1. Condition (residue is crowded, with 21+ Cβ neighbours inside 10 Å, closer than 21 Å to residue 197 by Cβ and either touching a helix residue (DSSP H, G or I) at 6+ places or on another chain (Cβ under 8 Å) or not assigned by TED's automatic domain parsing to the domain that holds residue 282 (or both)) applied to segment 18-33: is it met by at least one residue?
2. Using the structure shown, decide if residue 464 is within 23 Å of residue 355 (Cα to Cα) and either in contact with a helix residue (DSSP H, G or I) (Cβ under 6 Å, 6 or more places away or on another chain) or surrounded by fewer than 21 Cβ atoms within 10 Å (Cβ to Cβ) (or both).
3. I'm trying to understand the selection: among the residues of segment 35-67, which are assigned to a helix (DSSP H, G or I) and under 14 Å from residue 191 (Cα atoms)?
4. Yes or no: residue 322 surrounded by fewer than 18 Cβ atoms within 10 Å (Cβ to Cβ), in contact (Cβ under 8 Å) with a residue 60 or more places away in the chain and over 25 Å from the mean Cα position of the chain (by Cα)?
5. If I ask for residues that are in contact with a helix residue (DSSP H, G or I) (Cβ under 7 Å, 6 or more places away or on another chain) and part of a helix (DSSP H, G or I), which ones from segment 68-101 would you list?
6. Tell me yes or no: at least one residue of segment 254-266 is outside any helix (DSSP H, G or I) and either surrounded by fewer than 15 Cβ atoms within 10 Å (Cβ to Cβ) or not assigned by TED's automatic domain parsing to the domain that holds residue 155 (or both).
7. Evaluate the following for residue 126: is it surrounded by 14 or more Cβ atoms within 10 Å (Cβ to Cβ), at pLDDT 95 or above, touching a helix residue (DSSP H, G or I) at 6+ places or on another chain (Cβ under 6 Å) and not assigned by TED's automatic domain parsing to the domain that holds residue 45?
């Protein structure tokens, strides 16, 4: 049977792998020869404030592996640096392709970029085909009984679980069609420095990159998934999957993860599957309610009278609030680009409910520093914590940073890792070191207010202020 296109181009974006890849599968199946391209897009990169960005290095290392693997197959990955809006149509014309294949991207800027590329390609009679790949269900696939998008997670999750089956979880058999890859001479890969970035401390961290790194982490997590529900909230223990960055950049397939969790069963796997469903819930919300990028999901909460104290915000960013678990979480983020999910909730609650600082300030800070930053998940998590979202923590429930610390880091093991000033603090006081008597502080080698900050806010008083602030707009 003849192929639809003599030559086509597969455009890799947040799907940096050669297996179970929707666009690559369709391109190979429908084309006699498939070229592959990745663009270090200056429309995105030029806006990044830090030129030592772990995410860019993670992408670069993952692209490097993709480049090597394609060359082993006698093909190559065309790695370009510039505006994808211009470079993809230019390459498509130069290679005389009949179509460009890619996977859906759901963020507003990406949707605009893709619309521009479609229009440019059309000028040369080149088609663009895009496919669902980074989610199991997208956009309008999970709707309520009235055909409307869900506004609460649990009913969405129940509908998701009711609909999912092996058809939706089935892998795309890319390997069957790899002989359709275009035979190419080797091409060069620009260095990290050539795309304008510097090396980071990524290589010092226990985060292997690329397809092989994702596979290694997933194999490790499969041995621990049965205990996920019991261990996931404790930052000092190895309880989570550590796959979020790989899922974000598509070095592993969502179908591989969701299928494993769905079929292995047990409370740990089902709890983890629920987290994967949260990710799709937030993507669905962003599609149906694009205003949430810069506004509260519930309009009345745009009227909250945030205090927005810049000095307190700086203390929060730098991990010097005087609340050890909050500070440990922020320092972990700053040092590694990773933050444990429980600590994302604790630190976000502290910023919005204890310091009365606009959730958008914190969301932007996370967006700049998180290795696994994803617009919809970051926005959804912040609006949940700030109680401005659709499925938010009720505004009258406010995390107590001390009791959260006592519950989820009882021996202070995580705190001591990231707040070494408190290394010798007794377990009894590690969660509220300001309660140490002066003589005990001297014995521990930490003077509160000098070596480690006193609390920048009284939680009990802040709680009262926050309740009043929310009452003003909830009446």
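The values are calculated or read from the model by the stated rules, or taken from the named source; none is laboratory data. Quantities reported herein were computed from a predicted structural model and do not represent experimental measurements. Neighbour counts run over all protein chains shown; Cβ positions are idealised from the backbone, glycine included.
1. no
2. Working: within 23 Å of residue 355 (Cα to Cα): yes; either in contact with a helix residue (DSSP H, G or I) (Cβ under 6 Å, 6 or more places away or on another chain) or surrounded by fewer than 21 Cβ atoms within 10 Å (Cβ to Cβ) (or both): yes.
Against the criterion (within 23 Å of residue 355 (Cα to Cα) and either in contact with a helix residue (DSSP H, G or I) (Cβ under 6 Å, 6 or more places away or on another chain) or surrounded by fewer than 21 Cβ atoms within 10 Å (Cβ to Cβ) (or both)), residue 464 qualifies.
3. Residues of segment 35-67 that are assigned to a helix (DSSP H, G or I), as a first pass: 42-45, 54-67.
Listed by number, the residues that qualify are 56, 57, 58, 59, 60, 61, 62, 63, 64, 65, 67.
4. On the way: surrounded by fewer than 18 Cβ atoms within 10 Å (Cβ to Cβ): no; in contact (Cβ under 8 Å) with a residue 60 or more places away in the chain: yes; over 25 Å from the mean Cα position of the chain (by Cα): yes.
No, not satisfied.
5. Quick first cut of segment 68-101, residues in contact with a helix residue (DSSP H, G or I) (Cβ under 7 Å, 6 or more places away or on another chain) only: 73, 76-85, 88-89, 92, 100-101.
If the condition is that a residue be in contact with a helix residue (DSSP H, G or I) (Cβ under 7 Å, 6 or more places away or on another chain) and part of a helix (DSSP H, G or I), then 84, 85, 88, 89, 92 are the ones that fit.
6. Keep residues of segment 254-266 that are outside any helix (DSSP H, G or I), which gives 265-266.
From the residues that got through so far, the ones that are either surrounded by fewer than 15 Cβ atoms within 10 Å (Cβ to Cβ) or not assigned by TED's automatic domain parsing to the domain that holds residue 155 (or both) too are 265-266.
Among the residues of segment 254-266, at least one is outside any helix (DSSP H, G or I) and either surrounded by fewer than 15 Cβ atoms within 10 Å (Cβ to Cβ) or not assigned by TED's automatic domain parsing to the domain that holds residue 155 (or both), which makes the answer yes.
7. Details: surrounded by 14 or more Cβ atoms within 10 Å (Cβ to Cβ): yes; at pLDDT 95 or above: yes; touching a helix residue (DSSP H, G or I) at 6+ places or on another chain (Cβ under 6 Å): yes; not assigned by TED's automatic domain parsing to the domain that holds residue 45: no.
For residue 126, the condition - surrounded by 14 or more Cβ atoms within 10 Å (Cβ to Cβ), at pLDDT 95 or above, touching a helix residue (DSSP H, G or I) at 6+ places or on another chain (Cβ under 6 Å) and not assigned by TED's automatic domain parsing to the domain that holds residue 45 - is not met.
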